[in-house]
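What follows is one structure encoded as structure tokens, with my remarks underneath.
The values are calculated or read from the model by the stated rules, or taken from the named source; none is laboratory data. Predicted model, so just to flag it, every value in this text is computed and none were measured. Heads up, the Cβs are rebuilt from the backbone with ideal geometry, glycines too, and the neighbour counts pull from every protein chain shown.
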Amino acid sequence: MPSLSSSLARHASQKDALERVHPAIGEKLAESIEQVAASEKGLAALLIVVRQFVKDKGIEALPVEGRAIGRFNERQKDCPFGLNEVN
């Protein structure tokens, strides 16, 4: 049976890893959106993944120019469908 201190250390290590992974995933998703043309197949699926990622993380923020959510907000304006329709 693992000791309490080893369990806490493992939990802290996992938390640190998640804190590094989540921003990396967000950046990769933002880059992917920027690289896909608005008319290209697959963009809708990618935006659904992004929407779910944001929702799962409880992210509620105003889009700020130059940050991932700001780039996402700018990119979605070019889409031939409304994101509110994809919910």
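When restricted to residues that are part of a helix (DSSP H, G or I), among the β-branched types (Val, Ile, Thr) and closer than 13 Å to Gly26 by Cβ, region 42-60 contains 3. In this structure, does Ala68 turn out to be in contact with a helix residue (DSSP H, G or I) (Cβ under 6 Å, 6 or more places away or on another chain) and either of a type in the set (Lys, Arg) or on the phi < 0 side of the Ramachandran plot (or both)? Yes, satisfied. The residue of region 49-61 that is surrounded by the most Cβ atoms within 10 Å (Cβ to Cβ), among those that are under 10 Å from the mean Cα position of the chain (by Cα) and within 22 Å of Lys77 (Cα to Cα), is Val50. Just to verify a result, which residue in region 18-41, among those that are surrounded by fewer than 10 Cβ atoms within 10 Å (Cβ to Cβ) and either assigned to a loop (DSSP other than H, G, I, E, B) or in contact (Cβ under 8 Å) with a residue 60 or more places away in the chain (or both), is farthest from the chain's Cα centre (by Cα)? Among them, the one singled out is Ser39. Once region 62-87 is narrowed to residues that are surrounded by 11 or more Cβ atoms within 10 Å (Cβ to Cβ) and of a type in the set (Gly, Ala, Ser), the residue that is modelled with the highest pLDDT is Gly70.
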